[in-house]
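Beneath this line is the structure, given in structure tokens, with notes to follow.
Here, each number is a calculation from the coordinates, and none is a lab measurement. Fair warning: this is a prediction, and the values are worked out from it, not measured in the lab. Neighbour counts are summed over all protein chains in view; Cβ atoms, including those assigned to glycine, are modelled from backbone coordinates with ideal geometry.
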Amino acid sequence: MKTKFEEIASQICDCHVHYGQFREDYYDPEQVVKWFDELGIDKVGIMPVGTSLVSDFYRDQKIMTSLPIERFVPYLWVSPEMVDAAPTLALYNTLNYKVIKIHAYAIKEWDKMPDKIRTVIEVAYNKGVPVMFHTGGWRGSNAIQFYKFCREYPEVTFILAHGKPISQTLTVLKGAKNAYTDSSFMAIESMKLICDAGLSDRILFGTDFPIMKTFWPEISLIDWYKNNVMELIQTFGEKDFMVWAHENFYKLILKR
């Protein structure tokens, strides 16, 4: 008899997954593939943990294009240096990416480059792909810092990864209908606040897998993943979870 996770796994999409070096740990992309083969979920939004140079992009392109295309959806992690090298980002079109990621915590220089962020957003607008902002960690990457961009570009979809701090994320979600958040490293109580505000449909399921292993070395990643899914279903219901983990991914990222 199948478990509930096994029944729905083939419909689940995870919008926030990494490979590569994170602190002292290296998450091999081939191992990431094996983990998701075991989990059996539908789609995985994949990106490196970080990159900053054009040469890094070519390495990451080689890795991401080697992943099984029926499951793994490539994201472009962009840095200011990459924008300087190719302001239209045309150099990176060979990746066929579906999301552009800006991480203003890992690369704090972004905070002083609003016009360069606008350059990236305009590329996203022209390509019809969402922009994902890391939120949390310091003032320059808190959710409210990106509110102005969400308001300036109403036709672009923005994903506030992690939704931190939650009070600011709620302000952005309420004020910009094109803004979404993902559930990666988001507390259950924060997700409840979003739902209580009537904004449940603005969540995408994401995990930041597999870097939780760095914080909790003793865990089984497979067990953690299944338990995370089941906790969300038990707390919010399967219907809402499938909006986050299936409908929103297909609507916003795959455009289907």
Relative to the present Cα-Cα distance, how much length would full extension add between Trp224 and Glu30 at 0.36 nm per residue of separation?
67.9 nm
Could you tell me which of the pairs Lys4/Lys98; Lys101/Lys164; Lys148/Lys239; Lys127/Lys251; Lys116/Lys148; Lys127/Lys226 are separated by over 24 angstrom between their Cα atoms in the structure shown?
Lys4/Lys98; Lys148/Lys239; Lys127/Lys226
Given a Förster radius of 45 Å and the C-beta distance between Arg118 and Glu7 as r, what FRET efficiency does 1/(1 + (r/R0)^6) yield to the nearest 0.05?
0.55
Between Glu70 and Ser167, the FRET efficiency computed from the C-beta separation at R0 = 51 Å comes out, to the nearest 0.05, as 0.85
Between Lys251 and Ala85, take the C-beta separation as r, use R0 = 51 Å, and let me know the FRET efficiency to the nearest 0.05.
0.95
Of the beta bridges DSSP finds with both residues in the chain, what % are antiparallel, to the nearest 5?
10
Please report, in debye to the nearest 20, how large the charge dipole of the chain is about its Cα centre when each Lys and Arg carries +1 at its beta carbon and each Asp and Glu carries -1 there.
740
Whole-Hz Karplus couplings 3J(HN,Hα) for segment 158-174, θ = phi - 60° and coefficients 6.51, -1.76, 1.60, Gly and Pro as x, run 10, 10, 8, 4, 6, x, 10, x, 5, 4, 6, 4, 4, 4, 5, 4, 5
Residues of segment 112-150 with amide N under 18 Å of a point placed 7 Å along Cα→Cβ from Val54
120
Dipole size in debye (nearest 20) for segment 46-194 around its Cα centre, Lys and Arg Cβ +1, Asp and Glu Cβ -1?
320
For the chain, what ratio Rg/Rh do Cα atoms give with a Kirkwood hydrodynamic radius?
0.94
When the Karplus curve 6.51 cos²θ - 1.76 cosθ + 1.60 is applied with θ = phi - 60°, which whole-Hz ³J(HN,Hα) does each residue of segment 21-35 get, with x for Gly and Pro?
7, 10, 6, 8, 10, 10, 9, 5, x, 5, 5, 4, 4, 4, 4
Sorted by chain and number, the residues with a modelled amide H under 5 Å from that of Leu204, at a separation of 5 or more or across chains, are Thr181, Asp182, Ser183
Amide hydrogen neighbours beyond the local backbone of Phe209, cut-off 5 Å, H modeled
His18
